[in-house]
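Q: Structure below; questions to follow.
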Amino acid sequence: MPKHFHEIRDPIHVFIRLDTDERSVLDSRPFQRLRYVHQLALTYLVYPGATHRRFEHSLGVMELAGRVFDIVTARDNVDSAMRDLLPTDDALRYWRRVLRMAALCHDIGHLPFSHAGEELLPEGWTHERLTSENIRSDEMQNIWTALSPPLRADDIVKLAVGPKVLRSVSFSDWETVLAEIIVGNAFGVDRMDYLLRDSYHAGVMYGRFDHFRLIDTLRILPPGEDGDRTPMLGIEQGGLQSAEALLLARYFMFAQLYFHPVRRIYDIHLRDYLRAWLHAGQYSINLTDHLSLTDNDVLFAIQRAARDSALPEHDPARRIVERDHFRLLYERNPIDIRTNIDAARAVYKAACDTFPESLVRYDSVVQRNVPIDFPVLTSDGRIVSSLDLSDTLNNVPVAKADYVFIAPEHRDTAKRWLETNRDTIIAPKEEVE
Amino acid sequence: MERLQRVAVIVSLVEKLNSKGSWSGETHVQKTMYFLQELLRVSLEYDFILYKHGPYSFDLSDDITAMRADTLLKLDPQPPYGPRIVLGEESEQVKRRFPKTIAQYNAETSFVAERLGPMRVVELERVATALYVTRELGESADCESRARRVRELKPHISLEQACDALRQVDTFIEGARTLHAAHQNVSAHA
């Protein structure tokens, strides 16, 4: 029986097309919940347009995953050394469906406000683990088994979270490449979509790049180092500039948006709030609890706590609602780094010795997984490292931010204290035994 | 071990790899750090999993990236083999600040840099997977069963290559024991 196709309007990809099977996932409770989870937590308090949710991002990731799959498995695009990697036609169709379902579900384990409160999960738990549990849940299992042909939940989990998370599970080369299409460091469509979407909604242009050209030039290639033959996603040489643009976009988005100091301090206040509000200061890992908690529930509770000074979570709630967040006292800078690479931490420790510790916060964050070395298929058929062809890639910086924040009532005093004592505070200390 | 002490060990190791003429790509740093932790018992606290080229730590990869942000390390393109990791301008700062940590693990970092530094990526994959399997099955497991396990995990490694790698690892284990005994003698006389 032919499947019906559905189209959803989307500001980034114009139309997102999905079939009836995929629609059944979209209609499920775990997926619909993503309508109420902000993609960028409280970033909308700094960039008012950034109110988009995990729901539309997940649809976008599915759309891009399908496009990449079709490009990299097209017969004319498969490198001769990689021909054996591709399964037979039936299996290829199966894996295309698995890939799109995995893309659709890759974020269903996200907590309220996405990453902001993730450290409040019990030891050993992450949103990816909750995603895996959700995909294997009875509710979703009923969907997988009702499909024709049925899909294996374990296959969907593998591609949705990848080998980096499923550390004890072995992946075939084919599965590794498919997981890379979604969560890969270099060309994962999760990244492509969030850069384009976050940029669009926040109203900053830094995250834009020519993803059409980039996707058209993606290929499954062996890395060009030392004769090794492990397959991975690479590009044809003609896509090199669009790959450069992607990696630069990522750097700029981290430096300008994701690591914005006010956004970071709101994350900290939100975590302080959640720690005081959640039972035992932790998120529940029970799936029923997980599915019933969204940003809406937390925002409602924050508003209430902001009005009730008797509640233990009152202070961080009030700071969020009244925009009375801690202010930036110190941030990492190249001059101080030359004296002490840990200057920010030194300022934090000294500030805690001088001002009430509960009114000082330290934040250190670095851009992770900065892949600039990937295989490129040259116009004369060689496979070489991207770094051999691109001066730009050799010089893409790594975004890093270190901040010390202080309560607004101490800001002026603290600024004067820091100006007076700066050199002493950041002077490196000798190593002790 | 504290974060900056771990950074000092990485700086010291990269310096030795560079000075031994090693290609010093990320795979070299990953595998030498794996041997430092798992064979020579340097308490680096990285979680290594079996990945594309054998044991790999995503946390270590993140630390290398962070060290690039701090200009402690930098990438040096080496066509046609991809980039070497070399010391960045602030690496001297770490060497000045952590002389004790660097001295404490000097013998261990030299041990792995000398043995693994000259290897190619494919050789590193074999010996690191061989050590992974030896730790999984135990040192008393015979070479044949360990080689079979290496082949299960990495089918593209031939039986002969697996056996060669396991023999090398056995030699490294002996060397590590000798080094450990020498350390204990020094401690006893101190």
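Q: So is B:S22 touching a His at 6+ places or on another chain (Cβ under 7 Å) and assigned to a loop (DSSP other than H, G, I, E, B) or not? Can you show your working first?
A: Numbers: touching a His at 6+ places or on another chain (Cβ under 7 Å): yes; assigned to a loop (DSSP other than H, G, I, E, B): yes.
Criteria met by B:S22.
Q: Does A:L248 satisfy the condition of being in contact with a Lys or Arg (Cβ under 9 Å, 6 or more places away or on another chain), within 20 Å of A:V396 (Cβ to Cβ) and away from chain B (no Cβ under 14 Å)?
A: no
Condition check ((1) at the interface with another protein chain (Cβ under 10 Å from one of its Cβ atoms); (2) surrounded by fewer than 20 Cβ atoms within 10 Å (Cβ to Cβ)) across all residues:
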{"residue": "A:L387", "(1), (2)": "yes, no"}
{"residue": "A:L393", "(1), (2)": "yes, no"}
{"residue": "A:Y403", "(1), (2)": "no, no"}
{"residue": "A:T420", "(1), (2)": "no, yes"}
{"residue": "A:I426", "(1), (2)": "no, no"}
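Q: Among the residues of region B:55-66, which ones are more than 7 Å from every other protein chain (Cβ to nearest Cβ) and either not in a helix (DSSP H, G or I) or not hydrophobic (A, V, I, L, M, F, W, C) (or both)?
A: B:P55, B:Y56, B:S57, B:D59, B:S61, B:D63
Q: Still on this structure: Could you count how many residues in region A:39-53 are closer than 30 Å to A:N142 by Cα and either crowded, with 23+ Cβ neighbours inside 10 Å or over 19 Å from the mean Cα position of the chain (by Cα) (or both)?
A: Looking only at that region, the number is 1.
Q: Answer with yes or no whether B:R115 is part of a strand (DSSP E or B) and either within 11 Å of chain A (Cβ to nearest Cβ) or under 13 Å from the mean Cα position of the chain (by Cα) (or both).
A: no
Q: If I go through region B:36-54 residue by residue, how many of them are facing chain A (nearest Cβ under 10 Å) and either assigned to a helix (DSSP H, G or I) or of a type outside the set (K, R) (or both)?
A: Of all residues in region B:36-54, those facing chain A (nearest Cβ under 10 Å) come to B:47-53.
Those left that are additionally either assigned to a helix (DSSP H, G or I) or of a type outside the set (K, R) (or both): B:47-51, B:53.
So the answer is 6.
Q: Taking A:A414 as the residue in question, decide whether it is buried (at least 16 other Cβ atoms within 10 Å of the Cβ), farther than 15 Å from A:R250 by Cβ, out of contact with any strand residue (DSSP E or B) (no Cβ under 6 Å at 6 or more places or on another chain) and more than 14 Å from chain B (Cβ to nearest Cβ).
A: Answer is no for this residue.
Q: If you check A:L196, A:L240, A:L221, A:L257, which single one turns out to be closer than 19 Å to A:T73 by Cβ and in contact (Cβ under 8 Å) with a residue 24 or more places away in the chain?
A: Working: A:L196 fails: closer than 19 Å to A:T73 by Cβ; A:L240 fails: closer than 19 Å to A:T73 by Cβ; A:L257 fails: closer than 19 Å to A:T73 by Cβ.
Going through A:L196, A:L240, A:L221, A:L257 in turn, the sole match is A:L221.
Q: Just for helices (runs of 4 or more DSSP H) wholly inside region A:325-433: which have at least 2 residues that are of a type in the set (A, V, I, L, M, F, W, C), more than 33 Å from the chain's Cα centre (by Cα) and modelled with pLDDT of 90 or more?
A: Here the list reads A:411-426.
Q: Restricting the first residue to region B:67-88 and requiring it to be facing another protein chain (nearest Cβ under 9 Å) and over 12 Å from A:V384 (Cα atoms), which pairs with a second residue that is part of a loop (DSSP other than H, G, I, E, B) and polar (S, T, N, Q) meet a Cβ separation below 8 Å and a spacing of at least six or different chains?
A: B:A69/A:Q367
Q: What pairs can you find where one residue is in region A:153-170 and touching a residue at least 12 places away in the same chain (Cβ under 8 Å) and facing chain B (nearest Cβ under 10 Å), the other is hydrophobic (A, V, I, L, M, F, W, C) and part of a loop (DSSP other than H, G, I, E, B), and their Cβ atoms are less than 7 Å apart, with a gap of 6+ or different chains?
A: Partner pairs satisfying both residue conditions: A:P163/A:F171.
Q: Since A:D193 meets every condition but one in (1) modelled with pLDDT of 95 or more; (2) more than 23 Å from A:H52 (Cβ to Cβ); (3) crowded, with 19+ Cβ neighbours inside 10 Å; (4) not polar (S, T, N, Q), which condition does it not meet?
A: Among (1) modelled with pLDDT of 95 or more; (2) more than 23 Å from A:H52 (Cβ to Cβ); (3) crowded, with 19+ Cβ neighbours inside 10 Å; (4) not polar (S, T, N, Q), the lone unmet condition for A:D193 is (2).
Q: Taking the stated definitions as given, is A:D373 crowded, with 16+ Cβ neighbours inside 10 Å and under 30 Å from A:L221 (Cα atoms)? Working first, answer last.
A: Details: crowded, with 16+ Cβ neighbours inside 10 Å: yes; under 30 Å from A:L221 (Cα atoms): yes.
Yes; evaluated as a whole, the condition is true for this residue.
Q: Tell me whether region A:227-247 contains one or more residues that are small (G, A, S) and surrounded by fewer than 17 Cβ atoms within 10 Å (Cβ to Cβ).
A: yes
Q: Test B:A128 against the stated conditions and say whether it is in contact with a Phe, Trp or Tyr (Cβ under 7 Å, 6 or more places away or on another chain), within 14 Å of chain A (Cβ to nearest Cβ), among the small types (G, A, S) and part of a helix (DSSP H, G or I).
A: Yes: the conditions hold for B:A128.
Q: In the set A:L270, A:L329, which member is touching a Phe, Trp or Tyr at 6+ places or on another chain (Cβ under 9 Å), under 25 Å from A:T131 (Cβ atoms) and buried (at least 18 other Cβ atoms within 10 Å of the Cβ)?
A: Only one candidate passes the filter, namely A:L270.
The values are calculated or read from the model by the stated rules, or taken from the named source; none is laboratory data. Treat the numbers as computed from the prediction; the structure is a model and nothing was measured. Because the Cβ atoms are built from the backbone with ideal geometry, glycine has one as well, and the counts that use them run over all protein chains shown.
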